[in-house]
């Protein structure tokens, strides 16, 4: 398949792996965080760690939008869905995210009208088709999806659609990266920067990472060769004593981002003073809310939300996993009380969540899997 | 910020209960923290063994209500079947949970199966619910090693359903039955109020004759066996998904719905005694079947991603939707587990039939690690392929 196969070429991967190995200082261990859940998914799906020397470990970061939704917000969304004549819509990833009282799937089984959409515009379409219902789009995601939510609100305003609102849960990656850098329990050598977020915000917002924290960051694409190359670029910076923001994903990410998208977001939304991230706690100025002038499209203003905070079970270590302090399998409930069938933590829900990726794709000693699969698939 | 201190706070009782249930005390020396100084890899190994124990525990249905996941063919479906149905109906014929039960009536061995069809939309490129309902049951019989003979057909129709559509559906059933050499010999009809069903649901059951004296079953797979698929995978699932028109993706694809009885016959005639098991790769796709093999036979199954035939259109759609084609349903493809010595002859026999033109070996059965399906990725890495949790493509059959 064009534009995909080029970035999954095993021969190029081998060549790049050799270059990576040659850049590693003997005896030194490297820890790089891939901020974005999409990267985590790619790493496991393609078995990318097989190409990395043991001295390099990839630490999974907080950039999985559904993973950072706290249980109380899910309960709020379900409370919205339970209002009379409401159709709740959201992305498929959201359906199994557990709240204090269960998930969208459970709520839907109990009789609410919750529908999966592929785009907020689909939710708007449902609003047009159901003028006697109020359609709410549960907006989730980082800067990547905020523009499409903003554009949808602008479209709804332009068309004068009155039975549509959004339940805004958009969060921003830069404050989360900063929270991780400020966290005392983690030593990182660099970041693989989020690709899709950067298509919107560009690379400039990351400049504080080398400047203030002395860590290199390389914005990377989502194919396995993209990630291998970004690891190589990070090692090269370290080997050459450089520390900067570099852009591996230049084919999609403009240095200054997408100004049209950013304008739409800032037209419709503004920073919240604070927002709770699952596992990370409250982070100042880390999320977006609908501006007063678009209040008509804000589900939080339309309806009264319970707004109750639900504490994670003590055994749940999503926070440590999201900060990269623990590997998924090091969590106490990983794979026993918390599984993809019955996730307690959000990291186990989304295919981009570190725990789900590890459970579904990597739940075995790499060495043994490699020996068996290579031997058995031969011939 | 004082919000976190003052905000009302609750506990998630269900989650606390789940944790308590698994916290049986034997984890006092919990590996990651207590075993300081232990090698990283052996600590990981301990965790993996603990997970393995959790996975082998008896399946339970914890939910209070049926959710869509219970019908998706993945883990939730499996729990529902084992914890609810098998638990209530348990008997030696049902227990293997094969595509069809094999029973004896006098001197005659029969295969007996049933399947329900709720596909949406009812008509899609390459087929409709009618030929699906016939082919699906014919195929369950065929892969059990039987010669399909007689079918039943039950219809649940919604008030207001166009008679003209019913005529079309029944005509394709008649055509499919004739093509498969089976007759529909009994049936039933119910009509429910508008809104209580979605147009037309069909249930078929079928019996076939088992004449070869073969004992087929996924539990008989042995290390070394070849894993063969009979052609490109995922055509049906992606075709139906695109036919719903929700995605605004167009592709030149048709469903692969077809009766595989002749294809299977050719394979059994050529290498019958060397065939361990066959399955038709419907809901849950090839990946689900391979997991059933690994679990039932206590073996590992290792697959080479590059060897799995997938049409470019299916791959493209799967890329866009974030789905792995190995999990997407087919309605005219089989997976066969065959003795390694007969693998070439088996592929040749399949390729001799038009439906098997794309037949190929995609991997092998291995001894260790038991119960897991491993994939060598096209990129050159390795990973496991687990049972699916939620269905990315509901109501495709």
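The values are calculated or read from the model by the stated rules, or taken from the named source; none is laboratory data. Quick caveat: nothing in here was measured; it's all calculated off a predicted structure. Glycine gets a Cβ as well: all are built from the backbone with ideal geometry, and neighbour counts include every protein chain shown.
What to note about this one:
- The listed residues are B:249, B:228, B:238, and the only one of them that is assigned to a loop (DSSP other than H, G, I, E, B) and either under 30 Å from residue B:55 (Cβ atoms) or in contact with a helix residue (DSSP H, G or I) (Cβ under 6 Å, 6 or more places away or on another chain) (or both) turns out to be B:249.
- The single condition among (1) closer than 28 Å to residue B:214 by Cα; (2) surrounded by 18 or more Cβ atoms within 10 Å (Cβ to Cβ); (3) at pLDDT 80 or above; (4) within 14 Å of chain A (Cβ to nearest Cβ) that residue B:73 does not satisfy is (3).
- For the stretch B:255-297, filtering for residues that are part of a helix (DSSP H, G or I) and in contact with a strand residue (DSSP E or B) (Cβ under 8 Å, 6 or more places away or on another chain) leaves 17.
- Residue list for the stretch B:136-168, filter: assigned to a helix (DSSP H, G or I) and touching a strand residue (DSSP E or B) at 6+ places or on another chain (Cβ under 8 Å): B:136, B:137, B:138, B:139, B:140, B:141, B:142, B:165, B:166, B:168
- A single member of B:336, B:346, B:294 is under 21 Å from residue B:77 (Cβ atoms) and crowded, with 18+ Cβ neighbours inside 10 Å, and it is B:294.
- Complete set of residues in the stretch B:267-316 that are farther than 27 Å from residue B:137 by Cβ and more than 11 Å from every other protein chain (Cβ to nearest Cβ): B:298
- Which listed residue, of B:112, B:85, is buried (at least 16 other Cβ atoms within 10 Å of the Cβ) and over 30 Å from residue B:244 (Cα atoms): B:112
- Of the residues making up the stretch B:198-213, those that are buried (at least 17 other Cβ atoms within 10 Å of the Cβ) and not in a loop (DSSP other than H, G, I, E, B) number 9.
For (1) at the interface with another protein chain (Cβ under 8 Å from one of its Cβ atoms); (2) under 22 Å from residue B:290 (Cβ atoms); (3) in a loop (DSSP other than H, G, I, E, B); (4) modelled with pLDDT of 80 or more, each residue gets a yes or a no:
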position	(1), (2), (3), (4)
B:4	yes, no, no, no
B:24	no, no, yes, no
B:36	no, no, yes, no
B:82	no, yes, no, yes
B:92	no, no, yes, yes
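- Residue ranges of strands (runs of 3 or more DSSP E) in the stretch B:337-397 with at least 3 members modelled with pLDDT of 90 or more: B:360-366, B:373-376
- Condition check for residue B:205: over 20 Å from the mean Cα position of the chain (by Cα) and at pLDDT 95 or above: no
- Unique residue being in contact with a helix residue (DSSP H, G or I) (Cβ under 9 Å, 6 or more places away or on another chain) and either surrounded by fewer than 21 Cβ atoms within 10 Å (Cβ to Cβ) or more than 13 Å from chain B (Cβ to nearest Cβ) (or both) when the list is A:313, A:328, A:306: A:306
- Contact map, the stretch B:138-153: residues that are at positive phi paired with residues that are at pLDDT below 95, Cβ distance under 7 Å, separation 6+ or inter-chain. Pairs shown: B:145/B:210; B:145/B:212; B:145/B:214; B:145/B:216.
- Strands (runs of 3 or more DSSP E) within the stretch A:222-298 that include 3 or more residues within 14 Å of chain B (Cβ to nearest Cβ) and either crowded, with 18+ Cβ neighbours inside 10 Å or within 21 Å of the chain's Cα centre (by Cα) (or both): A:274-277, A:281-284
- Evaluating residue A:108 against the criteria (1) within 28 Å of residue B:320 (Cα to Cα); (2) assigned to a helix (DSSP H, G or I); (3) touching a residue at least 40 places away in the same chain (Cβ under 8 Å) leaves one unmet condition, (3).
- Residue check, residue A:89 in contact with a strand residue (DSSP E or B) (Cβ under 6 Å, 6 or more places away or on another chain), buried (at least 22 other Cβ atoms within 10 Å of the Cβ), part of a helix (DSSP H, G or I) and more than 10 Å from every other protein chain (Cβ to nearest Cβ): no
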